[in-house]
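Chemist: First, the structure itself, so that you have it in front of you.
Just so it is clear, none of the values below were taken in a lab; they were calculated from the coordinates. Keep in mind the model is a prediction, meaning the values are calculated, not measured. Note: ideal-geometry Cβ built from the backbone for every residue, glycine included; neighbour counts use all protein chains shown.
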């Protein structure tokens, strides 16, 4: 562990021996400010709708409001790959009735365009994730959706959603961040 004062100078490692030395350097940390949205082989967009398909504004949610979260992924040049899509939930929201959209079955969300069935979908406390098997020749645009409910009043950070080729991590995309406010039910 380096002390912050030690980071003012470059770190130098030397070997006093004659043989080659292998070194492994591990760096971890959290950014001071959220990373910006980026598109490197994929573009991901997150939009909120009512369950009937009308655009909704989650920044002014009321407790117990339900939203369809639609993640639209664009891969301009589809390639073979195993793709993971993950969307972390803002605190104050939880995934509601995952049976509505499990395994890509959008059921009551039939209005969603370009829906693709994931190979696997997980509905966790803090995120929704879905895995897709892609190949060249697939449509450039595909979507996946899930339903959330606003449960706890407060002001929360809307984390980034991201998409990544699991075996080529240089191919990825992520959304920006934002804030969401949930007001108490009356």
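Chemist: D for the range 106-167, whole µm²/s, Stokes-Einstein with Kirkwood Rh over alpha-carbon pairs at 4 °C and 1.567 mPa s: what number?
Modeler: Answer from the Stokes-Einstein relation: 92 µm²/s.
Chemist: Would you calculate the separation in nanometres between label points at residue 57 and residue 24, each defined as 7 Å from the Cα along the Cα-to-beta-carbon direction?
Modeler: With each label placed 7 Å out from Cα toward Cβ, I get 5.1 nm.
Chemist: Now, a different point. Can you pull the three principal axis extents for the Cα set of the chain, in Å, largest first?
Modeler: Projected onto its principal axes, the Cα set of the chain covers 71, 46, 24 Å.
Chemist: Using per-residue counts of other Cβ atoms within 10 Å, averaged over each peptide, order 174-186, 70-82, 5-17 from highest down.
Modeler: Top of the packing list down: 70-82, 174-186, 5-17.
Chemist: With each pseudo-label sitting 7 Å past Cα toward Cβ, what's the residue 170-residue 82 distance in nm, one decimal?
Modeler: With each label placed 7 Å out from Cα toward Cβ, I get 2.0 nm.
Chemist: Could you give the nm distance between label points at residue 14 and residue 46, where each point is 7 Å from its Cα heading toward the beta carbon?
Modeler: With each label placed 7 Å out from Cα toward Cβ, I get 4.9 nm.
Chemist: Next question. Between residue 111 and residue 37, how high is the FRET efficiency from 1/(1 + (r/R0)^6) when r is the Cβ-Cβ distance and R₀ = 25 Å? Nearest 0.05.
Modeler: 0.45
Chemist: Please work out the C-alpha center-to-center distance from the range 1-51 to the range 65-98 and express it in whole Å.
Modeler: 25
Chemist: Could you rank the peptides 152-161, 87-96 by their average count of other C-beta atoms within 10 Å per residue, with the highest value first?
Modeler: 87-96, 152-161
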